[in-house]
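Trainee: Here's a structure for you.
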Amino acid sequence: MKRIVILSIMLVLFLFTIYSFINEGNKQAQQTHQAKSKVEKNYQNYCAGCHGDNLEKFANKSWIEDDSHHSALKSIKNGIPEMGMPSFAAIFSEEEIIDLAKYVKKNIKPNQTKEATRQKIIQSEKLKFFVDTIVDGLDIPWGLEFLPNGDLLISERSGKLLRYSNGKIYGPIAGLPEIMAIGQGGLLDLKLHPDYETNQWIYISYSALKEKDPRRKGNTAIMRTRLVNDKLIDKEVIYQGEPYTNKGHHWGSKLAFDNNGYLYFGNGDRGQRDDFPQNLDSDNGKIHRIHDDGSIPTDNPFANDPNGRNTIYSYGHRNPQGTCVNPLTGDIWETEHGPRGGDEINIIKPGQNYGWPVISYGINYNGTKFTDITEKEGMKQPVFQWTPSIAPCGMTFLDSNIYDDWKYNLFVGSLRFKYIERLEIENDQVVHREKLLEGIGRVRNVVQGPDGFLYVAIESPGKILKLVPIAE
């Protein structure tokens, strides 16, 4: 009997030990899951807007190959102000920063961009089409412009100008100015003169590096030039933004000629929102208008203002990344990046204040507020705003007859969410939206070619796609 009692006690102790072990394991697993969920949530809420939902937009730096997570930790904790990355020391605890740094190091992977399958038929709301890859093997294509002979000029943000012709890429084209290819800066947009076949002028926007300055300062510039035998000649800088800064972000700068031959372009706030956008003595945070030779239109709103920059057409902008003309009205339409939320579509009117950073629908990247108001008398409201941010880039109004029910729709590329947004416009308002090609990759530009087709520039790996409709 005594032996039975002892065996029973031993069995109970054994079962209790097993239960405790399992229970402790479950607790640890639950804590690990909760910690993982928290760090993933922190990444998606605070980091994904710039670095991609799947960590695909981190710059290819040496720290990625390190075994240690300390470089990532340092960047998260202290920020990188010159690149526009804020410090998160006041937002996260030390433990949360460590967990986030480890999460980034563990999960970062190159080349995660998804691709649309070549010639896979896609059924959108109003038509069927397939995607044809026209050019591949690029990095970050920015500007696209077709020459009259059918060749395609492509600007690479890294500072290369390429020419695509009959299935081959030629270049880099010689003769570019010195370019500050850092962060979001580099070789930017391209635009032919409306009378190109007569004068051969090509307009180039780029991040100009200030000469003889060891601190590497720069600002947006516009140059016009001619192309002969894959070399730029007759180069003229017709606009140079001031002041120069060492910031690597918010340069603008898409180019658009209106129906009267004026050239419009944006210059970003250069990452200094409290210094430039509301001040007329700075080029930064503005939309500008000039003649094709760089001279100043006499009816520019601040042409005769002794305290203002005479190229300014509108002000209170953050980072204009799309500029195009509405073919039905002749108005200049613009997209610009908000911070975390509050990306905008605006119709640009002379002398108007578009509010940044006094009014905004966005918040700081670290989750804090910089303004409590979205409206104020004397400041223009956007035609449309995206929250959360889609990071809108190049855009175009389609006036081609090739796409039937898409005619006069506005097409905007999304960098963050990797799709093209089709917007139907009535009376200068967005009345309907459709997402096209979700997961296609970071869309840097959307243009209509002289053949009437839509062409799309995708980043990393870079390629140029053509949307080809299928007749019913």
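Trainee: What nm distance separates the two modelled labels at ASP399 and THR368, each placed 7 Å from Cα along Cα→Cβ?
Mentor: 4.7
Trainee: Let me ask another. Among ILE470, THR329, LEU437, which residue has its Cα furthest toward the positive end of the charge dipole of the chain, with +1 on Lys/Arg Cβ and -1 on Asp/Glu Cβ?
Mentor: The residue sitting farthest along the positive end of the dipole is LEU437.
Trainee: Which whole-number percentage describes the relative contact order of region 363-472, with Cα contacts under 8 Å and a sequence gap of 6 or more?
Mentor: 19
Trainee: At a threshold of 8 angstrom on Cα-Cα distance, excluding pairs fewer than six apart, so keeping six or more, what relative contact order does the chain reach in percent?
Mentor: 12
Trainee: Roughly speaking, what is the stretch gain from TYR196 to ILE233, that is 0.36 nm per residue apart minus the C-alpha to C-alpha distance, in nm to one decimal? It would help to have the intermediate numbers written out before the result.
Mentor: Details: separation 37, 0.36 × 37 = 13.32 nm, distance 1.50 nm.
Extra length from TYR196 to ILE233 when fully extended: 11.8 nm.
Trainee: Explain nothing, just the number: dipole magnitude of the chain about its Cα centre with +1 on each Lys and Arg Cβ and -1 on each Asp and Glu Cβ, in debye rounded to the nearest 20.
Mentor: 2100
Trainee: Using a 7 Å offset from the Cα along the Cα-to-Cβ direction at both ARG226 and TYR170, what is the distance between the two label points in nm, to one decimal?
Mentor: The two pseudo-label positions are separated by 1.7 nm.
Trainee: Rolling a 1.4 Å sphere over the protein heavy atoms, what is the accessible area per residue of region 370-437, to the nearest Å²?
Mentor: 44
Trainee: Next up: Choose one of ASN364, GLY294, ILE347: the residue whose Cα lies farthest towards the positive end of the charge dipole of region 251-371 (beta-carbon charges +1 Lys, Arg; -1 Asp, Glu; about the Cα centre).
Mentor: Of the candidates, ASN364 comes out farthest on the positive side.
Trainee: Then there's this: Taking the Cα-to-Cβ direction at SER295 and at GLN381 and moving 7 Å from each Cα, how far apart do the two end points lie in nm?
Mentor: 4.1
Trainee: Just from the alpha-carbon atoms, what are the Rg and Dmax of region 350-397 in angstroms?
Mentor: Here Rg and the maximum Cα pair distance are 12.3, 35 Å.
Trainee: Okay, next question. Just the accessible area per residue of region 149-235, please: how many Å² with a 1.4 Å probe? Provide the component values of the computation, followed by the final result.
Mentor: Details: 4080 Å² over 87 residues.
Heavy-atom accessible area per residue stands at 47 Å².
Trainee: Estimate the FRET efficiency between ASN246 and ALA90 by the formula 1/(1 + (r/R0)^6), using the beta-carbon distance for r and 30 Å for R0, to the nearest 0.05.
Mentor: After rounding to 0.05, the efficiency reads 0.80.
Trainee: I'd like to know how the chain sits against the 2.2 N^0.38 Å rule of thumb: what's its Cα Rg over that expected value? Walk me through the intermediate numbers first.
Mentor: Values: Rg = 26.0 Å, N = 472, 2.2 N^0.38 = 22.8 Å.
Computed over Cα atoms of the chain, the ratio equals 1.14.
Trainee: Next up: Which value at 222 nm does the chain reach when only helices count, each DSSP H run of 4 or more adding -39,500 (n - 2.57), with the total divided by all residues and rounded to the nearest 500 deg cm²/dmol? It would help to have the intermediate numbers written out before the result.
Mentor: Details: 5 runs with 76 residues, N = 472.
Dividing the helical sum by the residues of the chain leaves -5500 deg cm²/dmol.
Trainee: In whole percent, how big is the carbon plus sulfur part of the accessible area of the chain, probe 1.4 Å, protein atoms only?
Mentor: Values: 10820 of 22580 Å².
Using a 1.4 Å probe with all protein chains present, the chain comes out at 48 percent carbon and sulfur.
Trainee: Taking a temperature of 4 °C and a viscosity of 1.567 mPa s, what whole-number D in µm²/s does Stokes-Einstein yield for region 305-369 with Rh from Kirkwood over alpha carbon pairs?
Mentor: Working: Rh = 13.1 Å.
Calculated translational D: 99 µm²/s.
The values are calculated or read from the model by the stated rules, or taken from the named source; none is laboratory data. The model shown is predicted, which means the values in this text are computed figures rather than measured ones. With ideal geometry, Cβ positions are generated from the backbone for all residues, glycine too; neighbour counts draw on all protein chains shown. In case anyone asks, the SASA skips ligands and DNA or RNA and just uses the protein heavy atoms, side chains included. Shrake-Rupley method; radii C 1.70, N 1.55, O 1.52, S 1.80 Å.
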